[in-house]
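Structure record follows, encoded as structure tokens.
The values are calculated or read from the model by the stated rules, or taken from the named source; none is laboratory data. Keep in mind the model is a prediction, meaning the values are calculated, not measured. With ideal geometry, Cβ positions are generated from the backbone for all residues, glycine too; neighbour counts draw on all protein chains shown. Surface accessibility is based on the protein's heavy atoms, side chains included, excluding ligands, DNA and RNA. Shrake-Rupley method; radii C 1.70, N 1.55, O 1.52, S 1.80 Å.
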Amino acid sequence: MDAVLATAESSNSENTISINSNSAAISAPSSSTPVSSSRYENQKRRDWNTFGQYLKNHRPPLSLSRCSGAHVLEFLRYLDQFGKTKVHTQICPFFGHPSPPAPCPCPLRQAWGSLDALIGRLRAAFEEHGGKPEANPFGARAVRLYLREVRELQAKARGISYEKKKRKRPPQQQTPQLPVPSASS
């Protein structure tokens, strides 16, 4: 993995992972339609190119068709070295404190929200580049379990609980009851 020529930036305010690579290993489909320039589309393209570069520099090099959920997990763990989110270990005195009062030697990792968004973009890009949904390594069960584990670990380390929010139903409007005409004899 040392051969991966990439630098990473993580923006906590936008929950995105942006990695600039020197070349793209996976080419975009050729089309005569203009390329969308939305932030999401640009980020998705950069993420796709980064993952392609990762596969190209993998030892041995991997083709997308041979990529599995295990390779995606390897990629996510590789990205942790560029993270900016402090994740306290259980032996740290600040474990479970949302705002630690002093610095500690705990590792920096990618934030769960950034990883979750990244996987969503890569999952969409895989299918846009001709991949079959049932063969999508970004939707593998192992990847979903890993993301859940990261979320729970980071929540415990920061003393934050992620509970499923109950969906609020809009208040039902009561229709006025009209008096029923009585039949008089």
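Results, tabulated for the structure shown:
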| read-out | value |
| --- | --- |
| Accessible area, probe 1.4 Å, largest first, for residues D116, D80 | D116, D80 |
| Whole-number accessible area per residue in Å² for region 46-89, which is evaluated in the context of all protein chains at 1.4 Å | 44 |
| Net +/- balance of residues flanking P133 in space, Cβ distance below 12 Å, scoring K and R +1, D and E -1 | -1 |
| Solvent accessible area, Å² - S37, 1.4 Å probe, full protein context | 100 |
| Förster-model FRET efficiency, 30 Å R0, A70 and N42, C-beta, rounded to 0.05 | 0.55 |
| Ranking by accessible area, most exposed first, for K86, K156 with a 1.4 Å probe | K156, K86 |
| Share of carbon and sulfur in the accessible heavy-atom surface of region 74-134 [1.4 Å probe, %] | 55 |
| Cα pair distances in region 41-113, grouped into 10 Å bins until the bin that holds the longest one, percent each | 16, 37, 24, 19, 4 |
| Heavy-atom SASA rank of E149, E74 (probe 1.4 Å, accessible area, largest first) | E149, E74 |
